[in-house]
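A short worksheet on the structure shown next.
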Amino acid sequence: MKLIGNGILITRNSETPLLFDGCVVVDGNLITDYGKTQDMKEKYTDSEFIDAKGSVIMPGLINTHHHIYSAFARGMILKDSKPSKDFGEILENLWWRVDKVLNLEDVKYSAYATFMDSIKNGVTTVIDHHASQNSVEKSLFTLADVAKELGLRASLCYEVSDRDGEEICNQAIQENVDFIKYANNDESDMIKGMFGIHASFTVSDKTLEKCVEAMGDLDAGFHIHTAEGIGDLHDSLNKYGKRVVERLHDAKILGKKTILVHCIHVNDFELELIKETDSLVVHNPESNMGNAVGCTPLLPIMDKGITMGLGTDGYTSDMFESLKVANILHKHHLCNPNVAWVEAPAMLFDNNRKIAERFFNKPLGVIEKGAYADIIIVDYDSLTPINENNINSHLLFGVMGKNVVSTMINGEFVMFNREIINVDEKAILAKSREVASRFWERV
C-alpha cells in the first residue's frame with residue numbers, strides 16, 4: 001500500500017474537489033481512500049509514504065486522439081516537396097508518404113518516443129490511431145508491447161483506407177480484428193482495441209460494409225476522422241449525396257463506442273445524428289489550426305449534450321498545452337472573450353474521462369475510491385490563492401506538461417522525479433535518432 005500525500009489534492013470528483021494537505025491511498029492498482037495526510041498516515045500505518053512536498057496531486061491525464069506514427073516527422077525536411085496549399089496536399093505531400101515507408105522498427109521507436117513523452121507530460125492513457133501501410137501486420141501489437149513495457153494505458157486501432165489498394169485494406173481490417181480480440185483478453189485492462197478507419201473520403205461503401213461486418217459482435221467501437229477538411233464533405237456529397245456524418249450513420253458506423261474525430265464541417269442535422277446515437281467527438285485544436293481546416297463548432301456540439309473530448313492528433317503529447325489552445329482558439333474564432341472558459345476544461349477533465357470509461361473497466365481521470373490509481377504529481381507553487389472555484393484557472397495559466405514531476409499508472413510509478421522508471425530513456429532516444437535518420441532517407 002502506498003500513500004501519496006502532503007500536497008494540494010485536486011480530485012476531479014464532485015464530493016471533495018480540493019483538499020489542502022491531501023493524501024491518496026493506493027492499494028494494488030486502485031485508489032482505496034483519500035483525505036488529510038495525517039489522517040491517512042494514522043489510518044494506514046504500514047504503508048509506504050511518498051511526499052509530494054506541497055505540489056499538486058491530481059488524476060493522470062487522458063489523450064483521446066493521438067498519432068504515434070507521426071513522431072519521426074519532427075525535424076524532417078522534404079526537399080523534393082512543394083509547399084502544400086491545403087489539407088489535401090498536406091496529406092499527399094507529407095503524411096501519406098510517411099506512413100508508406102514506416103517499418104516495424106520505426107513503429108516501435110515512434111511508440112517509445114511518444115509514450116515516454118506522454119508520461120513526462122502527465123498523460124496516463126492514450127487513445128491512438130495508427131497507420132504504416134507497408135507494415136500493417138503486427139503493427140498494433142508492436143505498439144502494445146511498448147505500452148506494456150513502459151506501463152502506459154492505451155487504446156489502439158489501425159486506420160482502414162482504400163488509398164493503397166484492396167490487399168493493404170484487407171490487411172488493415174484483419175489487424176484491427178486480431179488486435180481487438182487480443183485486447184479483449186487482456187485481463188490487466190491496460191490495453192484496448194478499437195476499429196480504425198481513416199476517413200469517409202478514403203473508403204468506399206464496400207469497404208465500410210466490410211468493416212462493419214468484420215466488427216461483428218466485437219463491440220469495440222470505430223475510430224474515424226470525420227469532416228476534418230472541407231474536401232471530406234465535398235467528396236461525400238458528390239459521390240453519395242450525403243453529408244459525412246449521415247453517410248457514416250447509414251453505414252452503421254455511429255454508436256456509443258465510436259469516436260468521430262474533428263467534426264469541423266458538420267451541420268445541425270449531423271449533430272442530431274451524433275446525439276441520437278450517443279457517439280463521441282474529439283476536438284484537436286492545434287492540429288486544426290496548423291492544417292488550416294477550420295474550427296470545430298464547440299458550442300453547438302456541447303450545447304446538444306454531445307460528449308466531446310480533447311486530443312492532440314499527433315501535434316503534441318502535452319494535454320495542458322492543448323487545453324490552453326482550445327481556450328483561446330474559440331475566443332478568437334468567435335470574437336468573444338467569454339467562451340470556452342467552461343468548455344475547454346470540461347473536454348479535458350470531464351469528457352475525456354467519460355470517453356475512456358466506455359472502454360476501460362474502472363473509472364479513470366478521477367481521485368475516488370475504486371478508480372484506477374493513475375496519478376500525477378505536479379510542481380506548482382501558486383503565487384495566488386487556490387480554491388474550489390478557480391482550480392481550472394490555475395491549471396490553465398500556471399501549468400504545463402513539463403511541470404509534472406512524477407507519474408503513476410495502475411498503481412506503479414512509471415516516472416519519478418522526472419526519471420522514466422522502466423527503460424533507459426537516453427539510450428532509447430539515441431537509438432530513435434538512428435532509426436529516424438534511416439527513415440528520413442527512405443521518405
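The values are calculated or read from the model by the stated rules, or taken from the named source; none is laboratory data. Just so it is clear, the structure is predicted and the values come from calculations on it, not from any experiment. Don't worry about glycine lacking a Cβ; one is built from the backbone with ideal geometry, like all the others, and counts go over all protein chains shown.
Things worth noting here:
- Lone unmet requirement of (1) over 22 Å from Asn121 (Cα atoms); (2) surrounded by 15 or more Cβ atoms within 10 Å (Cβ to Cβ); (3) in the same structural domain as Thr114 (by TED's automatic domain parsing) for Asp33: (3)
- Subset of segment 364-379 (residues that are in contact with a helix residue (DSSP H, G or I) (Cβ under 7 Å, 6 or more places away or on another chain) and surrounded by 20 or more Cβ atoms within 10 Å (Cβ to Cβ)): Leu364, Gly365, Val366, Val378
- Counting only residues that are of a type in the set (A, V, I, L, M) and either touching a helix residue (DSSP H, G or I) at 6+ places or on another chain (Cβ under 7 Å) or without any contact (Cβ under 8 Å) to a residue 40 or more places away in the chain (or both), segment 397-415 holds 5 of them.
- Any chance His65 is surrounded by 24 or more Cβ atoms within 10 Å (Cβ to Cβ) and under 14 Å from Ser317 (Cβ atoms): yes
- Selection status of Glu213, surrounded by fewer than 16 Cβ atoms within 10 Å (Cβ to Cβ), at pLDDT below 95 and over 29 Å from Gly290 (Cβ atoms): no
- Here Glu89 meets each of (1) touching a helix residue (DSSP H, G or I) at 6+ places or on another chain (Cβ under 8 Å); (2) among the acidic types (Asp, Glu); (3) more than 16 Å from Glu441 (Cα to Cα) with one exception, condition (1).
- Search result, residues across segment 317-339 that are more than 28 Å from Gly75 (Cα to Cα) and either buried (at least 24 other Cβ atoms within 10 Å of the Cβ) or of a type outside the set (A, V, I, L, M, F, W, C) (or both): His330, Lys331, His332, His333, Asn336, Pro337, Asn338
- Sole exception among (1) over 30 Å from Gly398 (Cα atoms); (2) in contact with a Lys or Arg (Cβ under 8 Å, 6 or more places away or on another chain) for Glu246, by number: (2)
- Count - residues of segment 46-74 that are under 19 Å from the mean Cα position of the chain (by Cα) and either under 30 Å from Ser14 (Cβ atoms) or assigned to a strand (DSSP E or B) (or both): 9
- Among the residues making up segment 380-429, those that are over 17 Å from Ser317 (Cβ atoms) and acidic (Asp, Glu) are Asp381, Glu388, Glu412, Glu419, Asp424.
- Test: Thr207 is modelled with pLDDT of 95 or more, in a helix (DSSP H, G or I), among the β-branched types (Val, Ile, Thr) and within 21 Å of Ala111 (Cβ to Cβ): no
Okay, residues lined up against (1) more than 18 Å from Gly196 (Cβ to Cβ); (2) in the same structural domain as Met400 (by TED's automatic domain parsing); (3) aliphatic (A, V, I, L, M):
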position	(1), (2), (3)
Asp250	yes, no, no
Ile274	yes, no, yes
Ser287	no, no, no
Asp303	yes, no, no
Met308	yes, no, yes
Lys324	yes, no, no
Lys331	yes, no, no
Asn336	yes, no, no
Val339	yes, no, yes
